[in-house]
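Participant: Attaching a single structure in structure tokens format; questions to follow.
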Amino acid sequence: MKPASIVVIDNGASTIKAGVASDAAKPEEVRIIPNAIVRSKGDKTTYFGHELERCRDYSSLHYRLPFEKGYLVDWDAQKAVWDGIFSSQVLGVNTPENSLLITEPYFNLPNIQDVYDQFIFEEYEFHSYHRCTPASLIPHGQLFLSDTNPPAECTLVVDSGFSFTHVIPIINHRIQWYAIKRLDVGGKLLTNQLKELVSYRQWNMMDETYIMNHVKESCCFVSSSFSQDLEMCRLKPKRNPIVQEYILPDFSSNRKGRVRQPHDTVSESDQILFMENERFSIPELIFRPDDIGLDQSGLALTIAASISLLPQDLQGMFWANIGLIGGNTLFPGFHARLLSELRSLAPLDFDVAIYQCDNPITEAYHSAVNFARQPDFFDHVVTRAEYLESGSSASRRKFPDWQVDEKDKGKEKGKENEDQLEDRPQANKKARTKPRTFSTVRRR
């Protein structure tokens, strides 16, 4: 029996992008849902995922996140969020009659993958499902499409998300796991760093994660000349073109926070947050993580290090096909800064090109929808019948994974060693080697 439709879940650590892929579905029909259980002190109410939009008091929200350090560890919280997504309030799907396409973290642990299988088939009883990383879906999307050139066979995806920033090279739709690089800077770290700076300099905002995340998204940008902007803020504090005033929200009157515009009138009761060098020093951590003591290279050097591990005759194609996805790439100036740094690192005879999309947050979801609409999609899924027969072994056989890639590399190395042994000249049986004698020196 063929499933009625395909449910697509881009299961991010910060937000879940969910929808149903069918012939009549439009690309823009996607629901973005917070992947958290949130407790509001003001409302004294607990909100599960999609219910957060009902909240009226966003002050002092307490977040319970299913993801920790990039991996799904709190399955009770994740199930509560998924239950709401599959309910009639969001997607309204009958899981046993549908197939599922879901994303997982890069280098996901085998034990966690097994729990994915258990939840999908035993808890929700989906007809079938496919599990993969977000970057593996990008070749099916529109990011690298061009009117003049055919689809590139070698691409490099920069996925800067909530937990980490990954650099993922892809050859012919296949991830090259040995060349992936990870930068331990993501949206969560940037928001926490902004909370600490603002709390030290102005208002105590350590408990205001929701508000400070909105401040980060509204005010921050990537500087093209960091030292000059920093010096400008030092010489003329609060009297330079960089400074912005952010009017903090007033939840008693149901007024949201916003950047102050020239025509805005400010009352005496309004609380104003002055954003100065914080605007560009926070995103700077993506390019200079050693500013906060992280012993890692910046994003441009990380990309160069990843490309250097790839076959030398293909490296030029990777420099010319770099794509950006993830919420952090939305910072104004991100593209220009990365391009200028990469040009200084790339060989002179290579072109450097960076591809952007309209919405890098939902690009993986739209690519997943395109993949789900392909005629051969069901050749890549594991059915519930296969899982009941073989367990998680069926998923390991069907889904391309970093562990399989490592095993293949090990087999190739073993085969090379065998060939080298076979190529060695055979010793003459009549020739005998003189036995070595070892003398031991005893201490008196």
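The values are calculated or read from the model by the stated rules, or taken from the named source; none is laboratory data. No experiment lies behind these values; they were computed from the predicted model shown. Reconstructed Cβ throughout: ideal geometry from the backbone, glycine too, with neighbour counts over all protein chains shown. With ligands, DNA and RNA removed, areas are computed over all heavy atoms of the protein, side chains included. Shrake-Rupley method; radii C 1.70, N 1.55, O 1.52, S 1.80 Å.
Participant: Check whether at least one residue in the stretch 35-56 is over 30 Å from F251 (Cα atoms) and in contact with a Leu (Cβ under 8 Å, 6 or more places away or on another chain), and report yes or no.
Facilitator: Within the stretch 35-56, none of the residues are over 30 Å from F251 (Cα atoms) and in contact with a Leu (Cβ under 8 Å, 6 or more places away or on another chain).
Participant: Looking at (1) modelled with pLDDT under 95; (2) among the polar types (S, T, N, Q); (3) buried (at least 23 other Cβ atoms within 10 Å of the Cβ), which one does T155 not meet, given that it meets all the others?
Facilitator: (1)
Participant: Could I ask something else about it? Which members of the stretch 385-397 meet the condition of being assigned to a helix (DSSP H, G or I) and crowded, with 18+ Cβ neighbours inside 10 Å?
Facilitator: Once the filter is applied, which keeps residues that are assigned to a helix (DSSP H, G or I) and crowded, with 18+ Cβ neighbours inside 10 Å, the stretch 385-397 yields Y387, A394, S395.
Participant: Taking the stretch 41-98 as the region of interest, how many residues are of a type in the set (G, A, S) and in contact (Cβ under 8 Å) with a residue 60 or more places away in the chain?
Facilitator: 4
Participant: Okay, next question. Where in the stretch 57-151 are there strands (runs of 3 or more DSSP E), lying wholly inside it, with at least 3 residues that are more than 20 Å from S5 (Cα to Cα)?
Facilitator: The qualifying strands (runs of 3 or more DSSP E) are 61-64.
Participant: If L339 satisfies all but one of (1) touching a strand residue (DSSP E or B) at 6+ places or on another chain (Cβ under 9 Å); (2) assigned to a loop (DSSP other than H, G, I, E, B), what's the number of the condition it fails?
Facilitator: Here L339 clears every test but (2).
Participant: So, one more: Within the stretch 141-152, restricting attention to residues that are buried (at least 19 other Cβ atoms within 10 Å of the Cβ) and modelled with pLDDT of 90 or more, which residue is farthest from S14 (Cα to Cα)?
Facilitator: F144
Each row is one residue, and each column tells you yes or no for (1) small (G, A, S); (2) in contact with a helix residue (DSSP H, G or I) (Cβ under 8 Å, 6 or more places away or on another chain).
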site	(1), (2)
I175	no, yes
Y178	no, yes
K181	no, yes
V198	no, yes
S225	yes, no
M232	no, no
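Participant: Let me ask you something else. For the stretch 353-383, give me the residue count where each residue is at pLDDT 95 or above and charged (D, E, K, R).
Facilitator: Residues meeting the conditions: 1.
Participant: Just checking, does the stretch 123-136 include any residue being more than 22 Å from V369 (Cα to Cα) and either at pLDDT 95 or above or assigned by the TED database to the domain that holds G326 (or both)?
Facilitator: Scanning the stretch 123-136 turns up at least one residue that is more than 22 Å from V369 (Cα to Cα) and either at pLDDT 95 or above or assigned by the TED database to the domain that holds G326 (or both).
Participant: Could you say which residue among F221, F280 is open to solvent by 30 Å² or more (accessible area, probe 1.4 Å), within 18 Å of G187 (Cβ to Cβ) and at pLDDT 95 or above?
Facilitator: Result of the check over F221, F280: F221.
Participant: Where the second residue is open to solvent by 50 Å² or more (accessible area, probe 1.4 Å) and in a loop (DSSP other than H, G, I, E, B) and the first is under 18 Å from C219 (Cα atoms) and lies in the stretch 246-271, which pairs have Cβ atoms under 6 Å and are six or more apart or on separate chains?
Facilitator: Pairs found: I247/R260; L248/Q271; P249/K256.
Participant: Let me ask something else about it. State yes or no: is T103 free of Cβ contacts under 8 Å to residues at least 12 places away in the same chain and β-branched (V, I, T)?
Facilitator: No; evaluated as a whole, the condition is false for this residue.
Participant: Picking from S344, S297, S340, S306, which residue would you name as being polar (S, T, N, Q) and within 21 Å of I171 (Cα to Cα)?
Facilitator: None of the other options fit; the residue is S306.
Participant: S367: in a helix (DSSP H, G or I), touching a Lys or Arg at 6+ places or on another chain (Cβ under 7 Å) and over 30 Å from M205 (Cβ atoms), yes or no?
Facilitator: No.
Participant: Has the stretch 57-64 got at least one residue that is within 26 Å of the chain's Cα centre (by Cα) and acidic (D, E)?
Facilitator: Among the residues of the stretch 57-64, not one is within 26 Å of the chain's Cα centre (by Cα) and acidic (D, E), which makes the answer no.
Participant: Looking only at residues that are open to solvent by less than 10 Å² (accessible area, probe 1.4 Å) and touching a Leu at 6+ places or on another chain (Cβ under 7 Å) in the stretch 111-129, which one is nearest to G92 (Cα to Cα)?
Facilitator: F126
Participant: Confirm whether F334 is modelled with pLDDT under 95 and among the aromatic types (F, W, Y).
Facilitator: no
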